[in-house]
Amino acid sequence: MFLFTVLVLVTVIWTVQYRFRRRRMYELASRISHLKDELPFIGVAHKFMGNTEDVMKSLKKFSYEAMETDGVTRMWLNHILYFVMVNPEDLEIVLKTCLEKDDVHRFMRNVLGNGTVFAPVSIWRRRRKILIPAFSPKIVESFVEIFSEQSQHITHKVARVSGSGTVNLWPIVSAYSLDAACESTAGVKIYAQSETNSQFLAALEDGLNIISQRIFNVWLQLEWLFRLLPLYTKYQKHVKYVYDFTDEIIHNKRRQLKNNKQSQSDKGHYELDDFKRKSFLELLIQLSGGEKGYTDLELREEILTIIIAGTDTSAVGMAFTLMLLGKYPDIQQKVYEELKEVFGDSNRQLVKEDLPKLKYLERVVKESLRLFPPVPIIIRKVEKEMTLPSGVIIPSGSGIIVSIFGAHRDPKYWGPDAEHFDPDRFLPERFNLQHACSYMPFSNGPRNCVGYQYALKSIPTALTSILRNYKVVGEPEKGPIPNIRVKFDIMLKAAEGFYVKLEKRKPCLLKE
Ligand code: HEM
């Protein structure tokens, strides 16, 4: 009895102290309108316990609620306070000021270490500085050749599956995206599109899937419990495969550079033209200072980060665009007519000069990224109390959920037809963005996506290859609002998979 009383007393004292230390946070939180679904102690944690479709439903609901309450709402996830935001003026400041990633990213950090996307700010600054010149427009343009060649394989892969009823686009677009990413990043061809079972692709996908399970399952977050499960053995196996694969590429490249007397690192300076058709790996070795630059571990972190950051995001962008075109045949017809204008009846491969001519396709991709942003939310940590332009005060120790999904659909900025699929809203004469953060599929501020130009070349190149040869047939939509159920699987994905029919066009421009 005595022990029990002591235990209760200690708990009460600890709780009072804990709440006293955090009194400012509670006070500021109480000033913000909050979600109706909150329960005592756990807040809205129960809303994130279902499957990944339920998680996305909750994120959508919270974003719409924020739209109705001056662009911000707040929620408790157990003891952690989060603000869900859609107001672009506030978001601009958040993305400029709060550069540290939220702790929820630690499971990705376990694999990617201090790779740029999830690195703590102190490490991120130097990494970003090295990364930026590697993603210069000239270098990215030089990769179009890779995208074009790899997209030839995509059409061959489609050729094998089309005509056999409904197909899931995901394995097709993700294999293309990984092939293109590996060749441009590491300078290696991995043939994910040709092999039926690419081990690298499988290890990457299964590994990410386990990480995604850990993010949303409180039990799997407990390290000691996770290590006891068979899932851990599987996870370790995938991580080891991916690490060994990357390390071998890095060692080979180092050896090759050492043997190469023309190596730029010997010259001590780097000119843009020297970088033509070099892989990111080679560029990062050189830009970080050659042999005295990045260590093998740092290189592995960066290379894997670029591959992971660039593969699924672009694949999701492609898959949603194709699904939308399947739903809206009139819009697809306009894309096809534009392709015929640029390519005629020839079966030549796309070259970089073609891309700027594909204006309508560009609008279609932009609109698809607006309605279905591959990264629907970003979570940043608040380290210092801050007052936002809307007047909201955000306490230190909380987190901000930047709802890109919500900002992209806010009628206050996009008008009453915000939910409509209307690529022509991006026509220069119609496009009148009131705020840069109303449209930010690639985020905004100092930590935005370095790969956006890469993605905006890789995605249309692959789409062109498919759409020149195939008609995408999906479930037709009755109105302008596309109905696609979505889930949050680290990225935004179609809940039931990206299923469409692909019908061969006549004349077929594909080289047989
Ligand atoms: C449609 C395709 C893509 C989308 C929607 C996308 C989206 C994003 C977003 C939203 C962020 C910022 C996250 C944040 O602010 O916390 C980001 C960061 C990043 N992305 Fe992308 N991305 C795409 C393609 C790519 C590609 C193709 C690459 C590389 C080849 C890439 C490399 C990166 C890197 C390295 C970062 C980290 C930047 C930093 O923290 O400084 N992304 N991306």
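The values are calculated or read from the model by the stated rules, or taken from the named source; none is laboratory data. What you see is a predicted model, and the numbers here were worked out from it, not measured in a lab. We place every Cβ from the backbone using ideal geometry, glycine too, and count neighbours over all the protein chains shown. Surface accessibility is based on the protein's heavy atoms, side chains included, excluding ligands, DNA and RNA. Shrake-Rupley method; radii C 1.70, N 1.55, O 1.52, S 1.80 Å.
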Q: Please enumerate the residues belonging to region 41-63 that are of a type in the set (V, I, T) and open to solvent by 10 Å² or more (accessible area, probe 1.4 Å).
A: I42, T52
Q) Of everything in region 168-206 that's closer than 15 Å to E149 by Cα and among the aromatic types (F, W, Y), which residue is surrounded by the fewest Cβ atoms within 10 Å (Cβ to Cβ)? A) Y191
Q) Looking at this structure, is R24 open to solvent by 40 Å² or more (accessible area, probe 1.4 Å) and touching a strand residue (DSSP E or B) at 6+ places or on another chain (Cβ under 8 Å)? A) no
(Q) List the helices (runs of 4 or more DSSP H) inside region 1-88, counting only whole elements, that have at least 3 residues being under 26 Å from S438 (Cβ atoms). (A) 52-68
Q) Would you call A455 modelled with pLDDT of 95 or more, under 30 Å from D330 (Cα atoms) and touching a Gly at 6+ places or on another chain (Cβ under 7 Å)? A) yes
**Q.** All positions within region 219-233 that are part of a helix (DSSP H, G or I) and either among the acidic types (D, E) or loosely packed, with under 14 Cβ neighbours inside 10 Å (or both)
**A.** W219, E223, W224, L225, R227, L228, P230, T233
(Q) Among the residues that make up region 384-397, is at least one of them crowded, with 20+ Cβ neighbours inside 10 Å and in a helix (DSSP H, G or I)? (A) no
(Q) Between V365, V342, which is touching a helix residue (DSSP H, G or I) at 6+ places or on another chain (Cβ under 6 Å) and either outside any helix (DSSP H, G or I) or open to solvent by less than 20 Å² (accessible area, probe 1.4 Å) (or both)? (A) V365
(Q) Quick check on region 404-414. Is at least one of its residues away from the ligand (no atom under 16 Å from the Cβ), surrounded by fewer than 16 Cβ atoms within 10 Å (Cβ to Cβ) and assigned to a loop (DSSP other than H, G, I, E, B)? (A) no
Q.
Between E503, E475, which is surrounded by fewer than 18 Cβ atoms within 10 Å (Cβ to Cβ) and not in a strand (DSSP E or B)?
A. E475
Q.
For region 425-435, check the following and say yes or no: at least one residue is crowded, with 22+ Cβ neighbours inside 10 Å and of a type outside the set (F, W, Y).
A. no
